[in-house]
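Reading through the structure tokens given below for one structure.
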There are 2 protein chains.
Amino acid sequence: MKNKINFETNPNTYKHWELLIENNCAFLIMRVNEDAGFFEGYKLKLNSYDIGVDIELADAIQRIRFEHPNVNSVIIKSGNDKAFCAGANIKMLASSDHAHKVNFCKFTNETRNFLESSFKESSQFFICLVEGVCAGGGYELALACNHILLVDDGSSSISLPEVPLLAVLPGTGGLTRLTDKRKIRRDLADVFCTMEEGVKAKKAKDWCLVDTITKKSSLNDELNLLIKEKSYNKKKADDLICIKLNNLQKKAVSNEKIIYSTLSVQIDREKKFATITINAPLDTAPENLSDIVSQGDDFWLLKCARELDDAILNLRFNELEIGIIVFKTSGEISNVLSYDKLFETYKNQWFINEISYFWTRIFKRIDLTSRTLITLIEPGSCYAGFLSELIFAADRSYMAEGEFEEYDNKEATIILSSSNFGSFLMSNDMSRIDTRFIGSPEQILLAKQNLEKQILAEEANDLGLITFMFDDIDWEDEIRIFLEERSSFSPDSMVGMESNLRFPGKETMETKIFGRLSAWQNWIFQRPSAVGENGALKKYGTGNKGQYTKERT
Amino acid sequence: MKNKINFETNPNTYKHWELLIENNCAFLIMRVNEDAGFFEGYKLKLNSYDIGVDIELADAIQRIRFEHPNVNSVIIKSGNDKAFCAGANIKMLASSDHAHKVNFCKFTNETRNFLESSFKESSQFFICLVEGVCAGGGYELALACNHILLVDDGSSSISLPEVPLLAVLPGTGGLTRLTDKRKIRRDLADVFCTMEEGVKAKKAKDWCLVDTITKKSSLNDELNLLIKEKSYNKKKADDLICIKLNNLQKKAVSNEKIIYSTLSVQIDREKKFATITINAPLDTAPENLSDIVSQGDDFWLLKCARELDDAILNLRFNELEIGIIVFKTSGEISNVLSYDKLFETYKNQWFINEISYFWTRIFKRIDLTSRTLITLIEPGSCYAGFLSELIFAADRSYMAEGEFEEYDNKEATIILSSSNFGSFLMSNDMSRIDTRFIGSPEQILLAKQNLEKQILAEEANDLGLITFMFDDIDWEDEIRIFLEERSSFSPDSMVGMESNLRFPGKETMETKIFGRLSAWQNWIFQRPSAVGENGALKKYGTGNKGQYTKERT
């Protein structure tokens, strides 16, 4: 399994999904090509999926929001006449190494959270039309939608057979959405999750596992009614212009360096860290909305978002040994600030809004990236407004104090804006500043008093915005020593520590999915009963059942 | 490591702790006997601890509440002149199997939560006096106290060196208490948790890692001042009578059967389940408070609590292959109800109150027990008030419907009382009924309308209080089939599933410790970097460092 995973795709090259637009409706039709698995050695039968299938789904959801903003309803259905979806492919899981299992589950979870945010953020209501078998990850996909419509034909069924059949969990949010989204009574959830065969229409409706059921004969009427009822025409038609998402401008200069149009990624294999440097735009932002929209996907705020998302995913999946991500920025801070102001100025305009939500997702993705995150604030950097979120997303941030000879004696500065106080919420539904100062609300007020001011190192330190500051004499050595030390620690204990420290305070359904559900799943993904030679994942499809160690722990 | 673990102890037989009472103060002095480890093969150097040490601590905290209710301040300090406490013993951890590691951590976490509840529930303020090395679990013990007083002598220090030194987490609540109790800024927590050497007085105070620091010369004055300030004299002296906790009345009839005075435990090794049957008292409760108090630890509500706690711990640690606990009750329901009423009648009386909090802890311990929990409500059972909590703590509850020949044609009933609506909160700070009906508050109201009524199976089913009901014809078969099926599943996937389904909705510091922190720690406890032949736990003390797989997952 050494193929590099490329996260770029588009509807013209989809192998597994079809995206149809009809008026204000989008139809997402899942018709998995069983011979087009991303890796060798398995067939994607019964609309089961692997990372390749899910990359297309993530792409489609993203495009519906940018390219088809007039869409009010999205209908997910199957184009396979035997199944809606049989969930994640078991043979793929069985043959994957631990890291891919974990990365795969995290990405599919993010895709479902993203899908789930579409209604609240962009009034796109997701209807899942279930006909045929809907098992495991298939039902978890349905659970992420706003409405599940199950066909009552005596054979269509929903199930979470992971526990009885595979000795793993429904780990793509399934358990958490049962209890926290659909609020199924916990003992009924227990019954449902231990039934290999699942339930059909009537019981599914009685137990609140689906929203409505329908006979096949009235399916179209039901669906049309639902679309009519649930389609909120909140958006002004004249405002909604298709923003085509073209291929990214990226160039792999070497195995260690990728250059995008707004940023670059540089890998140090020996020291096991990657540096992502975001470059400020060369000019200030266009002020006029029509100028902004006419730039389409070339508009800097969108371009940079897409490129950063791609860069992070590439490191996550394709660079497993790179344990640290160092964020840097470079360029004219006033240009970044002028772009940042657009989030406030045009906060009711759909395009700017979509971009803002996209950045919310990217920052969340960064929070959930299991690498040490370090942000360096050097002379010549451009941390203004939304880009300053990188300072608060990081496990630590280091700021240069005073003038630095090699940077023409500039001083490093940070500029905060309203973007840092609620525009980009974490998975815990709090801003990063609120999360940072969870124990000292007075610090939040102090930070607010410094809105749009240039904050130098000493003040940033006093305000608690950074972890450490060093001057020209110490800077390089201190950073080097830190990176070396960090790389010497056990990657696993880093993952565990960071997963805990990044999310103080309250939990939400999202943080529970990543913090509680996924942690247990990762544990199970290490256990012989699931992944050993005679474990259930390995034995699936052989005609033999898994053999289990009998100890409870 | 096959010694059976006995959870009963008392101050006369303590090997590692000394409990001194002086007026309204208790001193808990940790002086670990390094040659008295619970298992073979390690020395408990520098006040490091194993399960034996922690059983004594748990016992001491319990006794302070019942035997010394007049105590207002508890001072934890070391009797070892080199160290306060070096944390959990590493060689013990390294040589333990996975199940013991997990069980050990859970028990120590429960002990710290219990300690932490002492102030709120019983006005016993815990002061941790730290002198010398205070590392890992040592600092985690301090974190659970109300006040940490660190000696500023140039050498005393606190640290959480697990991550850099051992490649595991500070898993006894450490990470969660840093962020959620002390609300340390997350980047400073990151720095602290990666420093092998920890920090001394000044920095510890600056970073809010301790509450006060003091020079050795003014230590006694500081301590006395603190005791005076923090000792709330809420309790009426005439009300507080020492309730001596004598040895439990228990008898192991065989390897499969233990009989206590109020309950029995019967193990079916073949089918891998244990039945705990709680017997109702033979008479109604004494009405008069002085009669209650004069019964001391023979008072049924207290006796039953102590015995149930012991039974649960015994199953957890000594019966790893018993994957299911079946709860049954038997006897006169009106007698149980008369005892249950005391919780309401005497809710402001310290002794009844202490017993009520003890039951809160036991029910929490049950919620956190990683075995399938099943409650059977049969004819002749006595689920009234607080005992009905077992119905809602269970993963599933089965109720007998109609008359059963073998039970003299009695019908099974449930009686709810105010006890079920807020008296025994779960770790999530919600009642079990509120948790059960998290999606349907109207069901909570319906349940409340049936307070103190005899609820038969059909009504219990309509009210959603039980999972399934079966009549005389089906009962035995259905239960048998269920138990067989449950035993056939992978124990690990059961643990993961139950850990998620039992805690819908909001999370608290306690649920985060068990659900997020412990799940990650359990994952790490499976990983080669920690527990492999060259893992850090195994290499500790050999002079060689652990070798780590470099992949991040």
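In table form, for the structure just shown:
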| item | result |
| --- | --- |
| Qualifying residue in the range A:396-408 (condition: touching a Lys or Arg at 6+ places or on another chain (Cβ under 9 Å), touching a residue at least 40 places away in the same chain (Cβ under 8 Å), open to solvent by less than 10 Å² (accessible area, probe 1.4 Å) and more than 14 Å from chain B (Cβ to nearest Cβ)) | yes |
| Where a residue in the range A:21-35 is assigned to a loop (DSSP other than H, G, I, E, B) and its partner, wherever it lies, is basic (K, R), with Cβ under 7 Å and at least six apart | A:N33/A:K15; A:E34/A:K43; A:E34/A:K45; A:D35/A:K43 |
| Checklist (1) under 30 Å from A:K512 (Cβ atoms); (2) open to solvent by 20 Å² or more (accessible area, probe 1.4 Å); (3) under 32 Å from the mean Cα position of the chain (by Cα) applied to B:W523, failing item | (2) |
| Residues of the range A:129-179 satisfying the condition of being farther than 18 Å from A:N522 by Cβ, within 26 Å of the chain's Cα centre (by Cα) and among the hydroxyl-bearing types (S, T, Y) | A:Y139, A:S159, A:T179 |
| Members of the range B:309-347 that are open to solvent by less than 20 Å² (accessible area, probe 1.4 Å) and small (G, A, S) | B:A311, B:G323 |
| So B:F125, is it surrounded by fewer than 24 Cβ atoms within 10 Å (Cβ to Cβ), touching a helix residue (DSSP H, G or I) at 6+ places or on another chain (Cβ under 8 Å) and either farther than 26 Å from B:F424 by Cβ or within 14 Å of chain A (Cβ to nearest Cβ) (or both) | no |
| Verdict on A:I241 being surrounded by 19 or more Cβ atoms within 10 Å (Cβ to Cβ) and among the aliphatic types (A, V, I, L, M) | no |
| Those helices (runs of 4 or more DSSP H) lying entirely in the range B:507-553 with at least 3 residues at the interface with chain A (Cβ under 7 Å from one of its Cβ atoms) | B:518-524 |
| Every residue from the range A:481-506 that is touching a residue at least 24 places away in the same chain (Cβ under 8 Å), small (G, A, S) and not in a helix (DSSP H, G or I) | A:G505 |
| Residue ID - surrounded by the most Cβ atoms within 10 Å (Cβ to Cβ), chosen from residues in the range B:1-20 that are over 21 Å from the mean Cα position of the chain (by Cα) and part of a loop (DSSP other than H, G, I, E, B) | B:K15 |
| Answer from A:Y14, A:Y42 - the residue that is closer than 22 Å to A:A135 by Cβ and at pLDDT 95 or above | A:Y42 |
| Of all residues in the range A:437-454 being of a type in the set (D, E, K, R) and outside any loop (DSSP other than H, G, I, E, B), the one that is surrounded by the most Cβ atoms within 10 Å (Cβ to Cβ) | A:K448 |
| Residue among B:E442, B:E476, B:E458 that is among the charged types (D, E, K, R), more than 12 Å from chain A (Cβ to nearest Cβ), touching a strand residue (DSSP E or B) at 6+ places or on another chain (Cβ under 8 Å) and over 22 Å from B:E344 (Cβ atoms) | B:E458 |
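The values are calculated or read from the model by the stated rules, or taken from the named source; none is laboratory data. Being a predicted model, the structure only gives us computed values, none of them experimental. Using ideal geometry, Cβ is built from the backbone for each residue, glycine included, and neighbour counts are taken over all protein chains shown. For the accessible areas, the whole protein counts, side chains as well, though only heavy atoms, and no ligand, DNA or RNA atoms are used. Shrake-Rupley method; radii C 1.70, N 1.55, O 1.52, S 1.80 Å.
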